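Down below is the structure, laid out as structure tokens.
FYI, it's all coordinate maths here, none of it is from the lab. This one's a predicted model, so the numbers in the text were calculated from it and none came from an experiment. In this analysis, Cβ positions are derived from the backbone assuming ideal geometry, glycine residues included, and neighbour counts consider all displayed protein chains.
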Amino acid sequence: MKEVKIALFGCGNIGTGVYKLIRNNCIKIMDAEGVSIVIKKILVRDLSKKRYADIDESLFTNKIEDILLDKEIDIVAEFIGGESPAKEYILKALNHKKTVVTANKEVIAKHFEALQEAARQNEVGLYYEASVGGGMPIIRAIHQSLQANRIQSVMGIINGTTNYILSKMAEEGREFEDVLSEAKELGYAEPDPTADIEGYDARYKLSILATLCFNKRVQINNILCEGITKITSVDIQYARELGYGVKLLAIAKDTQNSIEVRVHPTFIPINHPLYAVRDAFNAVYIKGDSVGELMFYGRGAGDMPTGSAIVSDIITASTNKHHYVKLVATPDEEIFEDNWLTEYYIRLSVFDKPGVLSKIAGIFAKYNVSITSVLQKARGDVTAPLIFVTHEAHEKAVLSAINEIKKCEYVNSVENLIRVEK
Ligand SMILES: NC(=O)c1ccc[n+]([C@@H]2O[C@H](COP(=O)([O-])OP(=O)(O)OC[C@H]3O[C@@H](n4cnc5c(N)ncnc54)[C@H](OP(=O)(O)O)[C@@H]3O)[C@@H](O)[C@H]2O)c1
């Protein structure tokens, strides 16, 4: 039986979950994998904090050197979170010849090259299955099961908080702020939910997925990022009337000549596999040139699902003879497409006057944007909602048309623009 000694960086939600999982399933892991995982030290910030009672207090330290200088510790699992000091601690661990397992999407997304390089130079491993999709085994599937494919596209619901909010808004007809407050109370949203609701968390994860899927480094600043704060129950109701649902999608496409990467609220048809992904669940839908369509579905957060991915990485790291380090190309900036072709939902508030529809249709036509459907809704006192869904059109043409529509005397306001994906 191989015994592997590890240390944990952090003992909050995830660290405690990892501790419990290793303790609960140690016999199964020993029998099936031939590895006995021993947690030798746990780094925390505050030694006086009350911890999960089963953890031996003597394991805790607030000095990273206690772990870095312990030659018996081969693997460090990091769940401190955030960029700093997590990045510096991960680099220190790699430079002290310790393999690192991490759940930290921000650090992996922002510092992929530096961390890979440190792992390579020190001949240790860097594993980050839990950084995307919590318990869904998506990273290893891309590395070890889909290598034969040229992956053409990845579309994912990779932020559970926003999916929970949008699901509740759709199912209960409630407004964003109302559901967000409830999500905070129930622990589905952080006290400061900015990273989730503005799409930043999904952007980190898409940067990692697209980099691995396309073998080309996709930086977070290459990715268009829009959150869900402007989605209203009215948009969700019109989506339904038009045969769509609204999801925060992370989308990446590689045509080989160009890469398109974006995170934004999206209309998807009710018969799309991602439409059925409700509540805080995650899903990633991949198209490969040989495998065709694949979908991964599961819990994208939570101590035990995330712990499942982390302990799997620890087992893999301790049983691998050679650590796998991904090599990715650095593409020219020009390869990133910002004038993609897609369909659009556009909701206007217009003054209720004769000729308004033809005037707006004329502006769309001027920019070569053709219309698939129009919904004209009951009037208010002086204004009425007017909803358009376009055929496929270029992003820049649609934005130019919208700029002109905003200035049109018949138009009170442009209420929303949501991209449509099929
Ligand atoms: N929560 C999830 O469902 C989930 C899912 C997937 C990935 N992740 C990722 O997992 C990571 C951790 O999440 P979490 O929810 O477990 O966070 P958390 O509950 O806030 O725990 C953070 C832990 O890190 C320790 N820590 C913070 N700063 C430190 C420092 N400077 N030095 C030493 N220790 C420090 C804290 O110590 P004290 O306890 O002493 O304060 C705490 O134990 C994040 O990267 C997150 O993105 C989380």
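Here the average projected area of the convex hull drawn through the C-alpha atoms of region 305-409 stands at 12.5 nm².
Considering only Thr266, Ala250, Gly34, and ranking their Cα positions along the charge dipole of the chain that arises from unit charges at the beta-carbon of Lys, Arg, Asp and Glu, the one farthest toward the positive end is Gly34.
Between Leu327 and Glu190, the contour length at 0.36 nm per residue exceeds the alpha carbon distance by 45.9 nm.
Exposure proxy shown here: for Asp178, Asp303, the number of other Cβ atoms within 10 Å sets the order, fewest to most, as Asp178, Asp303.
With the Kirkwood sum run over all distinct C-alpha pairs, region 2-134 has a hydrodynamic radius of 15.1 Å. Measuring between alpha carbons in the structure, the pairs from Lys5/Lys326; Lys40/Lys110; Lys28/Lys98; Lys105/Lys396 lying more than 27 angstrom apart are Lys40/Lys110; Lys105/Lys396. The shape of the chain can be summarised by an equivalent ellipsoid whose semi-axes, obtained from the alpha carbon gyration tensor, come to 45, 23, 17 Å from longest to shortest.
Against the chain, whose longest principal axis is taken from its Cα atoms, helix 200-214 shows a tilt of about 80°.
Distance between the modelled labels on Leu69 and Asn24, one decimal in nanometres: 3.7 nm (7 Å Cα→Cβ projection).
If you line up the long axis of helix 356-366 against the longest principal axis of the chain, both from Cα atoms, how many degrees apart are they, to the nearest 10? Result, in degrees: 60.
Rounded to the nearest 20, the size of the Cβ-charge dipole of region 2-134 about its Cα centre is 220 debye, with Lys and Arg at +1 and Asp and Glu at -1. Using all pairs of distinct alpha-carbon atoms, the Kirkwood hydrodynamic radius of region 138-299 works out to 16.0 angstrom. Of the GluC sites (Glu not before Pro) found in region 137-212, those that fall in a DSSP loop while having at most 15 other beta-carbon atoms within 10 Å are Glu175. For region 85-162, the list of chymotrypsin sites (Phe, Trp or Tyr not before Pro) that fall in a loop by DSSP and count at most 14 other C-beta atoms within 10 angstrom is empty. The angle between the Cα long axis of helix 233-242 and the main principal axis of the chain comes to about 70°, on a 0 to 90 degree scale.
GNM on the chain, alpha-carbon springs under 10 angstrom: the most fluctuating residue among Gly355, Gly82, Gly173 is Gly355.
This ranking places Leu242, Leu274 by how few other beta-carbon atoms lie within 10 Å of each, fewest first, which gives Leu242, Leu274.
Given R0 = 22 Å, the distance between the Cβ atoms of Ala365 and Ser413 translates into a calculated FRET efficiency of 0.55. Consider a paramagnetic label point 7 Å from the Cα of Asp352 along Cα→Cβ; state which residues of region 385-422 have an amide N under 19 Å from it. Answer for region 385-422: 385-388, 409-415.
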